[in-house]
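What follows is a set of notes on a single structure, which appears directly below.
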């Protein structure tokens, strides 16, 4: 049986336990610690009573206050919607041109458009509209379907090559896969396109002849493109599917065609207008 005795050095009673000649003192806890402990117990009991705390078979205890984090979120969202409604009503009632001319509306539309862009457009076009392979950059003034405000809004609303009856539609012929051009002609056309991109057109070449007869109708004789057809400019170094000779040959042989959803089927009118304004300003406001 453990023997309790008083420690000669500290004057405290021991617990009677001893390990290798070291005796354990029976030192009481500090009073402040005891007070904090009991205050925590009281607080915990009060919390259980006032707040949602315990699971039950059919749910959980609601608490006297009836607090709900979901309810708080819904309340915050309702307040936010109310505070935004005045701005959104103005945006919905205005055309995109009028929004850009109104400093306050423009500032609000740019902020809202950036949020909407990051949530819906950035996965394809990149944050800030930098673009990616197969997805055009929106942070420059090269536009497949036109860079004016109304043109951008139209593209966002109805998209490109989708099932919406108002979507923008175009398709490049499969010059190689369908046997329209022979392999050597495709190579010559690719060489001429590269010469256009380098600002040194190979005039009088076989490639120019192939290009003029088959490509100029959409891409223009000087390679400046045609926004009405969604035909990209070829007289610069901006490439949707890269710009090596092999990439160009592949595109002429069996072209890739991107698609874009009709956002009017997913977003409200005010959000689309804010997106149009934001994208327009990413490209420098053409």
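Worth a mention:
- Overall form of segment 64-149 per C-alpha gyration tensor (a/c, 1.5; a/b vs b/c): oblate
- The spacing between segment 251-286 and segment 1-51, judged by their C-alpha centroids, is 70 Å.
- When both segment 138-162 and segment 232-247 are represented by their alpha-carbon centers, they are found 19 Å apart.
- Across the chain, the relative contact order, built from alpha-carbon pairs under 8 Å that are at least six residues apart, equals 21 percent.
- Pairwise FRET efficiency - residue 203 versus residue 86, Cβ, R0 = 51 Å, nearest 0.05: 0.25
- Helix axis angle, 269-282 relative to the chain longest principal axis, alpha carbon, degrees: 70 degrees
- In this rough spin-label picture, where each label sits 7 Å from Cα along the Cβ direction, the residue 41-residue 54 distance is 1.8 nm.
- Cα gyration tensor, segment 14-60 - rounded (a/c under 1.5), prolate or oblate: oblate
- Rounded tilt (10° steps) of 183-197 against the dominant C-alpha axis of the chain: 70 degrees
- Cα gyration tensor shape for segment 183-253, rounded if a/c is under 1.5, else prolate or oblate: rounded
- Helix-only arithmetic for the chain: the sum of -39500 (n - 2.57) across DSSP H runs with n ≥ 4, divided by the residue total, places the mean residue ellipticity at 222 nm at -14500 deg cm²/dmol.
- Cα long-axis angle, helix 149-158 against the chain (0 to 90 degrees, to the nearest 10): 70 degrees
- Sequence ranges 4-10, 134-140, ranked by mean other-Cβ count within 10 angstrom, highest first: 134-140, 4-10
No lab work stands behind these numbers, since they all come straight from the coordinates. Since this is a predicted model, take the numbers as computed values, not measurements. Glycine gets a Cβ as well: all are built from the backbone with ideal geometry, and neighbour counts include every protein chain shown.
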